[in-house]
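To start, the structure under review is shown below, and the notes come after it.
The values are calculated or read from the model by the stated rules, or taken from the named source; none is laboratory data. From a predicted model like this one, the values you see are computed outputs, not experimental measurements. Heads up, the Cβs are rebuilt from the backbone with ideal geometry, glycines too, and the neighbour counts pull from every protein chain shown. The area values use the complete protein model at the heavy-atom level, side chains included, leaving out ligands, DNA and RNA. Shrake-Rupley method; radii C 1.70, N 1.55, O 1.52, S 1.80 Å.
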Amino acid sequence: MQVALKIWRYDSSSGERALKEYEIEAPEWATLLDCLDIVKDQHDGSLAYRKSCRMMICGSCGMRMDGAAVLACKTRMYDIAQSGHVPVISAMGNLPIRKDLVVDMDPFWAKFNAMKPWLQPGYERPEDGREYRISQERMNVIHKEALCINCGCCVSECNAMESDPEFLGPQALAKGMRFVGDPRDAAKIERLEQYNSEHGIWDCTRCYFCNQRCPKGVDPRDAIAKLGAESVVEGIDRDMGAKHAKWFVRSSETTGWLREEELIPKTQGYVSAIKQIKFGASLVKHGKVRPIPFPHTAKDVNEARNLRKLVREQDRQGALGHVQGEHALAKLDHGHAGESLEEIYAREGAAPRPWLPTLEEPAAEPPSPGKKTGPPSAGPGIQEEPKA
Amino acid sequence: MHENFGVFRRERQMEQQGEIVAGLRDRYERVLVEDKGEVFNSDLTQAIELGFLLDLAECMVVAGIERKESRGAHARPDDYPVRDDENFMKHTIVRMVDGVPELSWEPVRMTKWQPQERKY
C-alpha cells in the first residue's frame, strides 16, 4: 500500500526545523514503526527515532501522531493510508527534543528514580520460610501499574506538567503506586509523604489524557486517585486537595448531599476563605449557594450513610476500595451480568466484535489489518480521526 | 540467517549461508552512512552494529557446521538427529584471527546438574 507521512525534522545542534513529507510503499500489515524503518532504509538515512522490540514491550518508540502520543509499533497504518489522510509525526511533548523524533528522556528518568522504584526492605518473612506471597486481592490493586513500560506517552500528554515541569507526572506517580500498594514495601508512609508534597499528586488536573493515551492500559490517573485514597486513609491529608476530597465524603455522609457553602472554608481554611467573601457573595447572588449556611438533610440520607458504613465495615477504604469501584463500573460498562458475549455484541450500538482467524468471515469483505488490533476504544483516539 | 540458520539446520543450507555472509561482507566494505550529524546518529550506530552482526554470523556458520550433533536450539534432523555427549560435550570458542574465524573447544565444567537426555 502507498503510505504518506509528514515528519517534523529537527536537529538540536544546528536548530534547524522542517516538516518533510515522505511517500513510501509498505506492506498492508505495516505499523508506523515499519513505515519509519522504510523511510530510513530507502529514502532518508538521517531520520532519527528510537526503537527496539517492535512489539509494545520495550517502550522505546513513543512519539506523536497528529499531536497525540502513540507507540509507533502499536499503530497500524492500513486504515489511515486507505483514508488518504497524511498524518503528521512529531516527537513527544513535555520533553526536550534532541533530534527528529528522539526526545531527551533524562528529566523523565530523574522523576522515575526519585520514586525509588524498588521494594524497600523490612517486611517479615513468612513463617514457613518460603517466598512472600501476595493475595490476588492485593495484587489487583497494583496490577495495572505493574504493566507500565516507561514509554513516556502519558508524560508527553500531561497538562499539569506543561504548566509545572517539576510536577512528578503520571508515569512516576503510577510507578509510586505500584510500590505503595505492594504489601511487601516497608516505606509506604515515606512514599506517601513525598507524593503529597509540592509538585505531587494533588497538582494533577484530572484531565485523564494519561489514561486515554497510555498504550498499555496502566491508567496513571487512576493510580494517582489510589494514592490520594491511600494518603487520606493514612492520615496524610494536609494538602488542600485532600481536604477538598474529604469534605465531599463528610458532607455526603452527614447530610446526604454536597454542602458547597462550606467547601471553600473546609478546603482552604477559614482565614483564607474570608478573602474569598466577594466570590462567595456572587455565588449567592446567582443562586449557586444558599445565603444562610445551615445545612439541611436530604430525605434519603440514610442510603448514603449506609454506603459509607458498608465501606468502613468491609475495610474497603483506600486503594482497595478504588479498585472495587473500578471492577463494579467495568461490569456495568461491559454488561457481564449474566449476558453471553454473543448477546453483548448483538446489542444496539455495540462495538463490532474483534475479528478472529477462527471465525467464519462473510466472503465479500476481507478483514482489514486495522480490525485486528482490538476494540476502537483500546487504541489511541487519533487513529479514528482521519475518517471523520 | 533467519531462513538458513534457525533451530533446524541442514549442512547444505549452512554452507550456503557461509557464502551469503561472505558476499554481505564484501558489500559492507562499501557501506554508506548518510547521516553526517553528531547528535543521535542512529545511521552510524546501525552501520557499526551491522559489522558486529556480520562477525557474529560468520562465527555461527563456522561453529554450526562443525558441531555434528543435535543439542538444544541446534538441531540437525537430517544428518545428526541425536545428542553426542562423547564428542561434543564441550564449548565452542570462535576467535577472529586476522579477519578469519578460528575454531577451538573448551571442556564443560560440571557442577550441580549432571547431563541427561531431554525428554518432553
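For (1) of a type in the set (A, V, I, L, M); (2) surrounded by fewer than 20 Cβ atoms within 10 Å (Cβ to Cβ); (3) in contact with a Pro (Cβ under 8 Å, 6 or more places away or on another chain), each residue gets a yes or a no:
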| site | (1), (2), (3) |
| --- | --- |
| A:S13 | no, yes, no |
| A:A18 | yes, yes, no |
| A:E21 | no, yes, no |
| A:E25 | no, yes, no |
| A:W29 | no, yes, yes |
| A:D37 | no, yes, no |
| A:A48 | yes, no, no |
| A:K51 | no, yes, no |
| A:M56 | yes, yes, yes |
- Query: Do we find that A:R130 is away from chain B (no Cβ under 14 Å) and outside any helix (DSSP H, G or I) in this structure?
  - Reply: yes
- Which members of region A:40-71 meet the condition of being within 14 Å of chain B (Cβ to nearest Cβ) and either on the phi > 0 side of the Ramachandran plot or touching a strand residue (DSSP E or B) at 6+ places or on another chain (Cβ under 8 Å) (or both)? A:Q42, A:H43, A:D44, A:L47, A:A48, A:Y49, A:R50, A:C61, A:M63
- Near pairs, Cβ below 9 angstrom, 6+ apart or cross-chain, from region A:302-321 (of a type in the set (V, I, T)) to any residue that is open to solvent by less than 50 Å² (accessible area, probe 1.4 Å): A:V311/A:G321
- Message: Would you confirm whether or not region A:113-121 contains a residue that is at pLDDT 95 or above, part of a loop (DSSP other than H, G, I, E, B) and over 30 Å from A:R316 (Cβ atoms)?
- Response: no
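Could you say whether any residue in region B:19-28 is among the acidic types (D, E) and away from every other protein chain (no Cβ under 14 Å)? It would help to see each step written out before you state the result.
Within region B:19-28, the first condition is being among the acidic types (D, E), and the residues that meet it are B:19, B:26.
Next, from what is left, pick out any that are away from every other protein chain (no Cβ under 14 Å): B:19, B:26.
Among the residues of region B:19-28, at least one is among the acidic types (D, E) and away from every other protein chain (no Cβ under 14 Å), which makes the answer yes.
When only residues in region A:84-106 that are surrounded by fewer than 18 Cβ atoms within 10 Å (Cβ to Cβ) and more than 14 Å from chain B (Cβ to nearest Cβ) count, which is nearest to the chain's Cα centre (by Cα)? Talk me through it step by step, then tell me what you get.
Of the residues in region A:84-106, the ones surrounded by fewer than 18 Cβ atoms within 10 Å (Cβ to Cβ) are A:84-86, A:88, A:96, A:104, A:106.
Subsequent filtering for residues that are more than 14 Å from chain B (Cβ to nearest Cβ) retains A:84-86, A:88.
Details: A:G84: 30, A:H85: 27, A:V86: 27, A:V88: 23 Å.
Applying the filter and picking the extreme gives A:V88.
Sort out for me the strands (runs of 3 or more DSSP E) sitting completely within region A:1-99 that have 3 or more residues that are of a type outside the set (A, V, I, L, M, F, W, C). Working first, answer last.
Working: elements: A:2-11, A:16-25, A:62-65, A:68-71, A:88-90, A:97-99.
Here the list reads A:2-11, A:16-25.
Yes/no matrix, rows are residues, columns are (1) surrounded by 14 or more Cβ atoms within 10 Å (Cβ to Cβ); (2) within 14 Å of chain A (Cβ to nearest Cβ); (3) among the aliphatic types (A, V, I, L, M):
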site: B:R9; (1), (2), (3): yes, no, no
site: B:R12; (1), (2), (3): no, no, no
site: B:G37; (1), (2), (3): yes, yes, no
site: B:Q46; (1), (2), (3): yes, yes, no
site: B:E69; (1), (2), (3): yes, no, no
site: B:P81; (1), (2), (3): no, no, no
- Item | Members of region A:215-224 that are at pLDDT below 95 and hydrophobic (A, V, I, L, M, F, W, C) | A:V218
- Task: May I ask you to list the residues in region B:84-103 that are open to solvent by 90 Å² or more (accessible area, probe 1.4 Å) and of a type in the set (K, R)?
- Result: B:R95
- So A:G256 fits all but one of (1) without any contact (Cβ under 8 Å) to a residue 40 or more places away in the chain; (2) under 30 Å from A:L227 (Cβ atoms); what number is the exception? (1)
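Being part of a loop (DSSP other than H, G, I, E, B) and closer than 30 Å to B:F52 by Cβ is the filter; apply it to region B:104-120 and report the residue that is least open to solvent (accessible area, probe 1.4 Å).
My answer is B:V108.
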- Test A:A242 against the stated conditions and say whether it is closer than 24 Å to A:D182 by Cβ, in contact with a Ser or Thr (Cβ under 7 Å, 6 or more places away or on another chain) and modelled with pLDDT of 85 or more. yes
- Message: Just checking, does region B:57-66 include any residue being of a type in the set (D, E), in a helix (DSSP H, G or I), open to solvent by 60 Å² or more (accessible area, probe 1.4 Å) and within 14 Å of chain A (Cβ to nearest Cβ)?
- Response: no
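Any idea how many residues of region A:192-208 are within 30 Å of A:C73 (Cα to Cα) and surrounded by fewer than 19 Cβ atoms within 10 Å (Cβ to Cβ)? Explain how you work it out, then say what you get.
Pass one, region A:192-208, residues within 30 Å of A:C73 (Cα to Cα): A:204-208.
Cutting the leftovers down to surrounded by fewer than 19 Cβ atoms within 10 Å (Cβ to Cβ) gives us A:205-208.
So the count comes out to 4.
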